[in-house]
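Below you'll find the structure, written out as structure tokens, and then a few comments.
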Amino acid sequence: MDQSDPFRDKRDLFDLPDGIVYLDGNSLGALPKAVKSRLREVVEEEWGKSLIAGWFDHHWVTLPQRTGDKIAMLIGADAGEVVVTESTSINLYRAIHAALQLRGGKAVILTEELNFPTDLYVLDAIERDSGGTVAVRRVKKDRLMENLTDEVAILTLTHANYRTSGRHDLAALTAKAREAGALTVWDLSHSAGALPVDLNGSGVDFAIGCGYKFLNGGPGGCGYIFVARRHQNKILPTLAGWMGHKRPFDFSPDYEPAGGITRQLTGTPFVLGIAALDAALEVFEGVDMTALADKAGKLGDLFIALVEEQCPEIGLACPRAAHLRTSQVTFRHRNAENIMAALAKRSVIGDFRPPDVMRFGLTPLYTRYEDVFRAATALKDILKN
Ligand SMILES: Cc1ncc(COP(=O)(O)O)c(C=O)c1O
């Protein structure tokens, strides 16, 4: 299977330590070699030699938009619809406030009770600070469709769940939201770079996501925000700042928003972090996302089959059908924490989520079928001994 893998040459683009089976790219993506050389160049040549002239000589000022354009290609957005800035949490705050502004008046925000914690915390804080105009409604995944009534102003969900790896049907939920007159805000942290995503084809209004997982932007790397072009110039950003000003270097005391996606920016871009993400995105050159998801499905199918055959006491905690999960496979065991620690001692890196969840990110650009086989063999050995 490794020999006929269409992505077999992509692994060489990453700097992976020898002997390690790294199955945690759903949490922190591996290091692309291009990032090492690009960061050295930015630090030593650009910052070191050009100093402040770097803002224009090396185009640091437009790095958030240029890197955003590269992400746009992976998520079915157009150039000029995505900008890289701050964290996913902050971008969710931005996107929800933008959607509230478009809707005006009282608003119900619908989400899933098992959404990622930061998403729930941000929504609760927005409700708390709204003076009673915003109400957040958390429902179970299988009750979302029936709860999408005309009372709902905003539907916000994470496309693929961080714990179960289960996907939402983004197109169907977005269509239903539009029918109900609601705007959509999708968190793509666990799907961008792992699955095909078609934001414009589905009519999504806003999206956000992490740069440090499947996009390999490095620890603490910046996230991004997508705003559909039809909304961009109608929004006055809640987090207004000089980098979102039409002419930031006029230093005017009055805010005049830039046109397009740029007005979503607030402060000075995090050049080192964005440069890392920008270089990391090179690994996606020529990658067909459908073929990538197909490999992820096969890696997952193999892992599930081996674990179920060899470790019957471990329970499956992600969808069995490949098209319903992302490139992560999740199992459950009452000793999950100890098992993951024992796996790490055998150089197999996945992660534990309390109370009993074991997550394995089978990132298709650098995970081989051989790695999956080695991980399953180590798991069997740990449980046996
Ligand atoms: C679905 C999801 N949303 C948001 C976040 C948090 O992103 P950030 O730390 O960039 O705010 C995470 C982090 O793992 C996540 O999995």
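The values are calculated or read from the model by the stated rules, or taken from the named source; none is laboratory data. Computed from a predicted model, the values in this text were never measured in an experiment. Note that each Cβ is placed from the backbone with ideal geometry, even for glycine, and that neighbours are counted across all protein chains shown.
Tabulated results
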item: Any chance Asp5 is of a type in the set (Asp, Glu), in contact (Cβ under 8 Å) with a residue 12 or more places away in the chain and in a loop (DSSP other than H, G, I, E, B); result: yes
item: Filter result for Thr133 (surrounded by fewer than 20 Cβ atoms within 10 Å (Cβ to Cβ), over 23 Å from the mean Cα position of the chain (by Cα) and without any contact (Cβ under 8 Å) to a residue 40 or more places away in the chain); result: yes
item: Residues satisfying the stated conditions in segment 152-173, i.e. closer than 28 Å to Leu362 by Cα and more than 18 Å from the chain's Cα centre (by Cα); result: Ala172, Leu173
item: Any chance Val197 is within 16 Å of the ligand (Cβ to nearest atom) and outside any loop (DSSP other than H, G, I, E, B); result: no
item: Residue count, segment 200-214 (criterion: within 15 Å of the ligand (Cβ to nearest atom) and assigned to a loop (DSSP other than H, G, I, E, B)); result: 5
item: Residue count, segment 134-167 (criterion: small (Gly, Ala, Ser), within 15 Å of Asn115 (Cα to Cα) and assigned to a strand (DSSP E or B)); result: 2
item: Ile71 vs. criteria surrounded by 14 or more Cβ atoms within 10 Å (Cβ to Cβ), touching a residue at least 12 places away in the same chain (Cβ under 8 Å) and in contact with a helix residue (DSSP H, G or I) (Cβ under 6 Å, 6 or more places away or on another chain); result: no
item: Residue list for segment 2-22, restricted to those being of a type in the set (Gly, Ala, Ser) and within 18 Å of Gly350 (Cβ to Cβ); result: Gly19
item: Filter result (in a loop (DSSP other than H, G, I, E, B) and within 16 Å of the ligand (Cβ to nearest atom)) within segment 168-194; result: His168, Leu188, Ser189, His190, Ser191, Gly193, Ala194
item: Test: residue in segment 333-345 that is polar (S, T, N, Q), within 30 Å of Gly68 (Cα to Cα) and surrounded by fewer than 19 Cβ atoms within 10 Å (Cβ to Cβ); result: no
item: Residue count, segment 220-249 (criterion: farther than 22 Å from Asn115 by Cα and either within 16 Å of the ligand (Cβ to nearest atom) or touching a residue at least 12 places away in the same chain (Cβ under 8 Å) (or both)); result: 18
item: Meets criteria (farther than 27 Å from Leu170 by Cα, free of Cβ contacts under 8 Å to residues at least 40 places away in the same chain and outside any loop (DSSP other than H, G, I, E, B)) for Leu272; result: no
item: Yes/no for Gly260 being within 12 Å of the ligand (Cβ to nearest atom), modelled with pLDDT of 95 or more and more than 12 Å from the chain's Cα centre (by Cα); result: no
item: Residue satisfying all of: in segment 39-87; in contact with a Ser or Thr (Cβ under 6 Å, 6 or more places away or on another chain) and within 30 Å of Val134 (Cβ to Cβ); nearest to the ligand (Cβ to nearest atom) among these; result: Val84
item: Count of segment 98-111 residues which are under 16 Å from Ala207 (Cα atoms) and either of a type in the set (Phe, Trp, Tyr) or buried (at least 16 other Cβ atoms within 10 Å of the Cβ) (or both); result: 6
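Per-residue answers, yes or no, for (1) in a helix (DSSP H, G or I); (2) closer than 30 Å to Pro32 by Cα:
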{"site": "Gly218", "(1), (2)": "no, yes"}
{"site": "Arg230", "(1), (2)": "yes, no"}
{"site": "Lys234", "(1), (2)": "no, no"}
{"site": "Ser252", "(1), (2)": "no, no"}
{"site": "Thr268", "(1), (2)": "no, yes"}
